[in-house]
Ligand SMILES: Nc1ncnc2c1ncn2[C@@H]1O[C@H](COP(=O)(O)OP(=O)(O)O)[C@@H](O)[C@H]1O
Ligand SMILES: [Mg+2]
């Protein structure tokens, strides 16, 4: 009898332990979902993200999280909803952007609900499209892993220790390092331009210092060179922001004129991705057939769009 009770007792203990374990797992699961930021839940449900590890940064227009996707640590950029964003003169940036169809274009112009939604989607798509386009053009940007319900999944840029990389603004540089990084970034600006893109918000806050050098981020406001009348001034501003920042460490940069040089080369049809810049601007650089250059850029862009569509079809 005593033995029997003993056994029963053991069995119920085992039963209790199993229930506890199950309960524990359920609580952990619920906790996991409760802790998961609402905007990332669809990605967790879809299996695109396995775990949200932590919030990395809450910026002007987005919140960035460190996430685990299988064995990889990546980051997820969640755009703030339109009304929480500072829409920084959206019209200025959107000029010349392609819209999928004329119904969308009309709705966007009228500002209907469908139109606003289409505009919001178009805005969010720009960053991931631009990331793919720039990577193809050989610009060092985070590798993109897709866009889902207002969230871009991308490579987490890291420093030599594997931690999230600091922004340019967060690091101290020697004069030699500043000159070196500045040279790299001017080259990147040229590469972007050859791919038909101007960043539009380039500064020490939107460049990370990764283990392999500077990495350009934050591209939802990227500007199409072709068809945007503000392209010249935006390029000038991007180049000036970067140059002014580096001239703190390398004062000789303050008197350079990379922006004007680059624009004149583009207008003269002389710009190519790997060209050596001087930082000097001679007004006699031929500012010839701008129309032809624009046509070429548009054609290159159309080719690239077709490639992207083809790739998307391949899945
Ligand atoms: N791919 C990335 N790898 C590492 N950190 C990133 C990455 N993307 C963004 N961050 C961090 O998140 C911050 C905000 O991202 P950003 O794209 O600049 O958006 P915002 O428009 O809010 O400024 C950045 O300053 C950077 O610190
Ligand atoms: Mg930013």
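Computed quantities for the displayed model
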{"quantity": "Selection count, region 239-263, where residues are surrounded by fewer than 20 Cβ atoms within 10 Å (Cβ to Cβ) and not in a loop (DSSP other than H, G, I, E, B)", "calculated": "9"}
{"quantity": "Any chance residue 230 is away from ligand 1 (no atom under 14 Å from the Cβ), in contact (Cβ under 8 Å) with a residue 60 or more places away in the chain and surrounded by fewer than 22 Cβ atoms within 10 Å (Cβ to Cβ)", "calculated": "yes"}
{"quantity": "Counted residues, region 142-189 - those being in a strand (DSSP E or B), under 14 Å from residue 211 (Cβ atoms) and under 14 Å from the mean Cα position of the chain (by Cα)", "calculated": "1"}
{"quantity": "So residue 231, is it more than 16 Å from ligand 2 (Cβ to nearest atom) and over 19 Å from residue 183 (Cβ atoms)", "calculated": "yes"}
{"quantity": "Selection within region 191-219 - surrounded by fewer than 24 Cβ atoms within 10 Å (Cβ to Cβ), more than 13 Å from the chain's Cα centre (by Cα) and either part of a helix (DSSP H, G or I) or within 11 Å of ligand 2 (Cβ to nearest atom) (or both)", "calculated": "191, 193, 194, 203, 204"}
{"quantity": "Failed condition for residue 122, given (1) assigned to a helix (DSSP H, G or I); (2) closer than 21 Å to residue 59 by Cβ; (3) within 15 Å of ligand 1 (Cβ to nearest atom)", "calculated": "(3)"}
{"quantity": "Filtered residues of region 140-180 (kept if touching a helix residue (DSSP H, G or I) at 6+ places or on another chain (Cβ under 6 Å), at pLDDT 95 or above and either away from ligand 1 (no atom under 14 Å from the Cβ) or more than 25 Å from residue 195 (Cβ to Cβ) (or both))", "calculated": "178"}
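The values are calculated or read from the model by the stated rules, or taken from the named source; none is laboratory data. Computed from a predicted structure; not experimentally measured. Glycine gets a Cβ as well: all are built from the backbone with ideal geometry, and neighbour counts include every protein chain shown.
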